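*Asks:* Handing you this structure, nothing more for now.
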Amino acid sequence: MVSVSSINSCVHGSVSEKIGTFGRRVYNSIPNTVFKKDYWIDKVALMGKKCSSAEQRLILGVTALATQPFIDAHNKSVDEETRKVSVARTIGKIIAGTLTGFAIRKGCIKAIGAWSKKSGDVDKAGNLIKLNKLNTFFTPKGKFANNPDAFEQYKNALGTIVALVVMMFTNFLIDAPLTKFITNFLIDDGKKPDGGKKS
Amino acid sequence: MKSPAAMFDEFKNVIYKKYGENPGKMLVHTGVLGWILSSLAQVAAVVFNDKISREQKLFLIPQEAADAAANIISFYVVTNSVKAVGSKLVKTGKLSTPKILAYLEKTGIPVKSKKGIKSPVGKWDFDITKLANFDEIADHFKPFKNGVDVGASLVGSIISSNIITPVIRNEYAAKQQKNALAKMKTKQIKQLAAPRGISIEQYQNRVAARFGSGDGLKV
């Protein structure tokens, strides 16, 4: 059994004070939901484990292609010509940003993973990996490498941070020229007499 | 003074502690940083694209600047809020699994209100992670909560980046374009020069006298 004091400790006053009585009543009135099937519970847990910033960028890019050009195309505040350029640029930006963003994040996370080995790690063939200075360069010291889930998240976080540093350069070297190329391609294509239709 | 190696070890441990058990938070923080950096590049891409006309740049540059500001603010505010709601739902037991409910029952906490005893599960003030014997369920609870956190972060980022931001930036950029075009027009009128030796007023009178009514000049 749990003591009254331990239940009382579950009450965190500061957050509760910020939300008014009305907000709390609304929250409390929402019915509780239980994930009954193991399949969905496993899927939710797997998403937490496997979804890194790279997958997030990919999902954001795909959903952006479905919404943003549509929003720009229906922007009545600007003339038709500007609207067309705006749509072309939005598409170019999404494609270039998603491709480079996903690839660089994924690559950096993989690289950090390759240089964050810990004792007991095995290679694809199942052989124990011999640890050296290079493949343990990013491994945190001490007890931190013991929790496998947290260690995976650590590699994702560090890989993403490294990717952001890399993207400071690739944003200018790859993203911007690629966006420009795709935008110009779409603008030029739209200006062709046949409306840019390919035979 | 710490050595660079010691500082690097400390940095790795900070990243581990801060994000190792909180992937949702990592997605929000690195997402904000990513938007700042990519926005800088996108503004530069418009500025240096000579195929885009000056008038269109007047729309697209403010559009990019507005995009950046709206993206960063809305990404942080919306994504963080949706993530916080996701966390709250799991922590209070509003969103749970049979294993979590079984653990609560075993702990002596009623999962359903009965016989005048109200269940605290799913109520605002309840927090499973603060229970004294939380460690018993931590291995099941934490991955489930992390999954909900990440899912909520994704939903929040889609809403903020793909719906809220484009609408805000378009409204803002259209206003900016109108103002900029009006300024350009005023500047052009000011720069209208009369032929040498006469004032602009004299010039306008001469032109008016030359093209009288009926000469086809539309005023």
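*Asks:* Taking the Cβ-Cβ separation of residue A:81 and residue A:172 as r and a Förster radius of 25 Å, what is the calculated FRET efficiency to the nearest 0.05?
*Replies:* That pair, residue A:81 with residue A:172, gives E of 0.35.
*Asks:* Which ³J(HN,Hα) values in Hz, rounded to whole numbers, follow from the phi angles of the stretch A:159-174 under the Karplus curve 6.51 cos²θ - 1.76 cosθ + 1.60, where θ = phi - 60° and Gly and Pro get x?
*Replies:* x, 5, 5, 4, 4, 5, 5, 4, 6, 4, 8, 5, 4, 8, 7, 10
*Asks:* Another question about this same structure. In nm, give the distance between the simple-model label positions of residue B:14 and residue A:121, each being 7 Å from the Cα along the Cα-to-Cβ direction.
*Replies:* For residue B:14 paired with residue A:121, the spin-label model returns 2.3 nm.
*Asks:* Turning to a different aspect of this structure: What dipole magnitude, in Debye to the nearest 20, does chain B give about its Cα centre under +1 on Lys/Arg Cβ and -1 on Asp/Glu Cβ?
*Replies:* Around 620 debye, computed over chain B.
*Asks:* For chain B, what is the mean residue ellipticity at 222 nm derived from helices alone (per DSSP H run of n ≥ 4: -39500 (n - 2.57); sum divided by total residues; nearest 500 deg cm²/dmol)?
*Replies:* Theoretical 222 nm ellipticity from helices: -22500 deg cm²/dmol.
*Asks:* With point charges of +1 on the Cβ of Lys and Arg and -1 on the Cβ of Asp and Glu, referenced to the Cα centre of the stretch A:50-191, which listed residue (A:171, A:78, A:122) lies farthest in the positive direction of the dipole?
*Replies:* Comparing the listed Cα positions along the dipole, A:122 ranks first.
*Asks:* Can you give me the % of accessible surface on chain B that is carbon or sulfur? Probe 1.4 Å, all protein chains present, nothing else counted.
*Replies:* C and S atoms contribute 61 percent here.
*Asks:* Where nothing but the Cβ of Lys and Arg (+1) and of Asp and Glu (-1) is charged, how large is the charge dipole of the stretch A:50-191 around its Cα centre, in debye to the nearest 20?
*Replies:* With Lys and Arg at +1 and Asp and Glu at -1, about 700 debye.
*Asks:* Given the pairs A:155/B:94; B:18/B:145; A:110/B:142; A:141/B:2, which span a C-alpha to C-alpha distance of over 21 angstrom in this model?
*Replies:* A:155/B:94; A:110/B:142
*Asks:* Hey, if you put +1 on the Cβ of every Lys and Arg and -1 on every Asp and Glu Cβ in chain B, which of B:131, B:56, B:22 ends up farthest toward the positive end of that dipole?
*Replies:* Checking the options against the dipole of chain B, the answer is B:56.
*Asks:* Leaving out ligands, DNA and RNA but keeping every protein chain, what accessible area does residue B:109 have, in Å² rounded to the nearest 10, with a 1.4 Å probe?
*Replies:* Estimated to the nearest 10 Å², residue B:109 gives 0 Å².
*Asks:* Okay, moving on. Gain in length, residue A:30 to residue A:130, computed as 0.36 nm per residue apart minus the alpha-carbon separation, to one decimal in nm?
*Replies:* Result for the pair: 30.7 nm of gain on full extension.
*Asks:* What are the ³J(HN,Hα) couplings of the stretch A:40-49, residue after residue, when phi is run through the Karplus curve with 6.51, -1.76, 1.60 and θ = phi - 60°? Round to Hz, x for glycine and proline.
*Replies:* 6, 4, 5, 5, 5, 5, 5, 4, x, 7
*Asks:* Quick one: accessible area per residue over the stretch A:63-166, 1.4 Å probe, rounded to a whole number of Å²?
*Replies:* With the other protein chains kept in place, the stretch A:63-166 gives 50 Å² per residue.
*Asks:* Given H placed 1.01 Å from N in the peptide plane, which residues other than close sequence neighbours of residue B:95 have an amide H under 5 Å from its amide H?
*Replies:* Hits under the 5 Å cutoff: A:33, B:90.
*Asks:* Separate question: Could you compute how much accessible area chains A and B hide from each other, both sides summed, with a 1.4 Å probe? Nearest 100 Å² is fine.
*Replies:* 6900 Å²
*Asks:* Also, I was wondering about something else. Please report how far the C-alpha centroid of the stretch A:126-165 lies from that of the stretch B:160-179, rounded to the nearest whole angstrom.
*Replies:* With the stretch A:126-165 and the stretch B:160-179 each reduced to a Cα centre, they are spaced 41 Å.
*Asks:* Separate question: Please check chain B for the longest run free of trypsin sites (Lys or Arg not before Pro) that are loop-located per DSSP (anything but H, G, I, E, B) and have at most 10 other Cβ atoms within 10 Å.
*Replies:* Value returned for the longest uninterrupted segment is B:3-114.
The values are calculated or read from the model by the stated rules, or taken from the named source; none is laboratory data. What you see is a predicted model, and the numbers here were worked out from it, not measured in a lab. Reconstructed Cβ throughout: ideal geometry from the backbone, glycine too, with neighbour counts over all protein chains shown. Calculation scope for accessible area: heavy atoms of the full protein, side chains included, ligands and nucleic acids excluded. Shrake-Rupley method; radii C 1.70, N 1.55, O 1.52, S 1.80 Å.
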